[in-house]
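Student: Quick one: structure below, then a few questions.
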Amino acid sequence: MFKKIFKEIKKYNTIVIARHIGVDPDALASQLALKESIKLTFPKKNVYAVGNGSSKFSYMGKLDKQEDFNNFLLIVLDTPDKKRIDYHNYKNATQIIKIDHHPFIEDFNGLEYIDDKASSTCEILMELILKTKLKCNDNIAKLLYYGLVSDSNRFLFDSSTSKTFNLVSIYLNNYNIKLSNIYTDLYLRPLKEVRLQGYISLNMKVTDNGVAYIILTNDIITKFKADSASAGNMINNFNFIDEILVWIIVTEDLKNNNIRVNIRSRGPEINKIAEKYNGGGHTLASGARLSSIKEAENLISDIDYLTEKYIRRYEHENK
């Protein structure tokens, strides 16, 4: 499949690289890395990385302005379904390639490479570059490491396999990647975010089934001079709390007129619930974009019921 992907990249003079709404480091880093790799390999091609960015990740590089193109190849990264593509003109693509590490949801009617065992989309691109004639340099390697280490939560998730570490080893051996700088970029935070995290810790509610949740209204976020994206990105800071099986951060996002929901789990498979609420993701790490706080409360209730069933099944199996 990698050779077929490379053949399509070689064929088109105009290539647009998109990813899911609500940018995160893996999605953005994979976009920018693939764009730079294609330009390095084919300098005369017009290659655009599009979508709404975030100042939080500005250290990675800049995205291109969304435009309408004709006769172009669209490469969609890190996105399992069409409704979550952050590019308004995706329906007019001549050809579509999907490269993703989420469980399959929807066929994009083009070339699809899905590896839901991969730690990240950036891990897949590491392999794509190694197995084709796409070129790499120090900056591309650094971008790929940003995405991989972020989506694997510093290799803490089970998605970090021997294959993951083998690929990382190859890139560390061949390119100048300063790890301390990468981790500083990814994890250095302003004091206001630390204080908001403290507020979340003190005010999160926990159900009898071990579902922790907090609803952050715009007033709360404004009080801490933070933003909705920063609040949602704190979700992985609560991974190791003994009494909690599932944890949810609900954030009011007035700028985009929606309610952002980030969900993580240490057991119950949450992605089907997220899909029910116009979202999706991995079995233990998902998100959604909702239209109201009431809808978020319903999602929390569904997650709590799911977790209750999970606990009952676990207790029955371990009698």
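Student: Add +1 for every Lys or Arg and -1 for every Asp or Glu among the other residues with Cβ under 11 Å from the Cβ of residue 247, and state the total.
Tutor: +2
Student: Tell me which lysines have Cα within less than 17 Å of residue 4's Cα, excluding those fewer than 8 residues away on the same chain?
Tutor: Those lysines meeting the cut-off are 98, 131, 133, 135.
Student: At a threshold of 8 angstrom on Cα-Cα distance, excluding pairs fewer than six apart, so keeping six or more, what relative contact order does segment 2-186 reach in percent?
Tutor: 24 percent
Student: For segment 2-186, with the dipole built from +1 on Lys and Arg beta-carbon atoms and -1 on Asp and Glu ones, taken about the Cα centre, which of 139, 164, 150 lies farthest toward the positive end?
Tutor: Toward the positive end, the furthest listed residue is 139.
Student: Can you check what the net charge comes to around residue 260, using other residues whose Cβ is under 11 Å from the Cβ of residue 260 (Lys, Arg +1; Asp, Glu -1)?
Tutor: -1
Student: Dipole of segment 1-88, Cα-centred, from +1 at each Lys and Arg C-beta and -1 at each Asp and Glu C-beta, to the nearest 20 debye?
Tutor: Value, rounded to 20: 400 debye.
Student: OK, next. Eight or more residues apart or on different chains, and alpha-carbon atoms under 28 Å: count the Lys pairs in segment 40-94 matching that.
Tutor: So the count of such lysine pairs works out to 19.
Student: Still on this structure, I have one more. Translational diffusion coefficient, Stokes-Einstein: compute it for segment 219-319 using the Kirkwood radius over C-alpha pairs as Rh, at 37 °C and 0.692 mPa s, and state it as an integer in µm² s⁻¹.
Tutor: 231 µm²/s
Student: Related question: How big is the gap, in Å, between the Cα center of segment 123-150 and the Cα center of segment 163-182?
Tutor: 10 Å
Student: Based on other C-beta atoms within 10 Å, arrange 125, 179, 134, 111 from fewest to most.
Tutor: Result, fewest neighbours first: 179, 111, 134, 125.
Student: At a threshold of 8 angstrom on Cα-Cα distance, excluding pairs fewer than six apart, so keeping six or more, what relative contact order does the chain reach in percent?
Tutor: Value for the chain: 12 percent.
Student: How large is the helix-only mean residue ellipticity at 222 nm for the chain, computed as the sum of -39500 (n - 2.57) over DSSP H runs with n ≥ 4, divided by its residue count, in deg cm²/dmol to the nearest 500?
Tutor: It comes out at -12500 deg cm²/dmol, rounded to the nearest 500.
Student: With label points built 7 Å along Cα→Cβ from the Cα atoms of residue 315 and residue 3, find their separation and express it in nm.
Tutor: Taking the simple label geometry, residue 315 and residue 3 are separated by 5.6 nm.
Student: Please give the net charge around residue 304, taking every other residue with its beta carbon less than 11 angstrom from that of residue 304, where Lys and Arg add +1 and Asp and Glu add -1.
Tutor: That sum, taken over residues with Cβ under 11 Å, equals -2.
Student: Right, something else. Give me a comma-separated list of calculated 3J(HN,Hα) values for segment 18-27, in order, Karplus coefficients 6.51, -1.76, 1.60 applied at θ = phi - 60°, integers in Hz, x for any Gly or Pro.
Tutor: These are the phi-based 3J(HN,Hα) values: 10, 7, 6, 5, x, 4, 9, x, 5, 5 Hz.
Student: Hey, quick one: spin label on residue 278, modelled 7 Å out along Cα-Cβ, who in segment 78-97 has an amide N within reach, i.e. under 18 Å?
Tutor: Correct set: 80-88.
Student: Using a ≥ b ≥ c from the Cα gyration tensor of segment 170-253 (square roots of the eigenvalues), is it rounded, prolate or oblate, where a/c under 1.5 gives rounded and otherwise the larger of a/b and b/c decides, a/b for prolate?
Tutor: Oblate, since a/c reaches 1.5 and b/c is not below a/b.
Student: Given axes a ≥ b ≥ c from the Cα gyration tensor, I'd like to know whether segment 1-125 is rounded (a/c under 1.5), prolate (a/b larger than b/c) or oblate.
Tutor: rounded
Student: Right, another one. Can you give me the distance in nm between label points at residue 44 and residue 188, each placed 7 Å from the Cα along the Cα-to-Cβ direction?
Tutor: For the pair residue 44/residue 188, the computed spacing is 4.2 nm.
Student: With +1 on the Cβ of every Lys and Arg and -1 on the Cβ of every Asp and Glu, and nothing else charged, how large is the dipole of the chain about its Cα centre, in debye rounded to the nearest 20?
Tutor: Approximately 1160 debye in magnitude.
Student: Dipole of segment 191-317, Cα-centred, from +1 at each Lys and Arg C-beta and -1 at each Asp and Glu C-beta, to the nearest 20 debye?
Tutor: 380 debye
Student: Now a separate question. Quickly work out the residue 135-to-residue 52 label distance, labels modelled 7 Å from Cα along the C-beta direction, and quote it in nm with one decimal.
Tutor: According to this spin-label approximation, the distance is 3.6 nm.
Student: Rounded to the nearest 0.05, what FRET efficiency is calculated for residue 95 and residue 163 with R0 set to 30 Å and r the Cβ-Cβ distance?
Tutor: Once the sixth-power term is evaluated, E becomes 0.60.
Student: Which label marks the calculated value of Cα Rg over 2.2 N^0.38 Å, given the options (i) 1.22; (ii) 1.01; (iii) 1.05?
Tutor: Only one listed value fits the structure, namely (ii).
We did not get these values from a lab; they are worked out from the coordinates using the rules stated. None of these values were measured; they are calculated from a predicted model. A quick note on method: Cβ atoms are made from the backbone with ideal geometry, for glycine too, and the neighbour counts reach across all protein chains shown.
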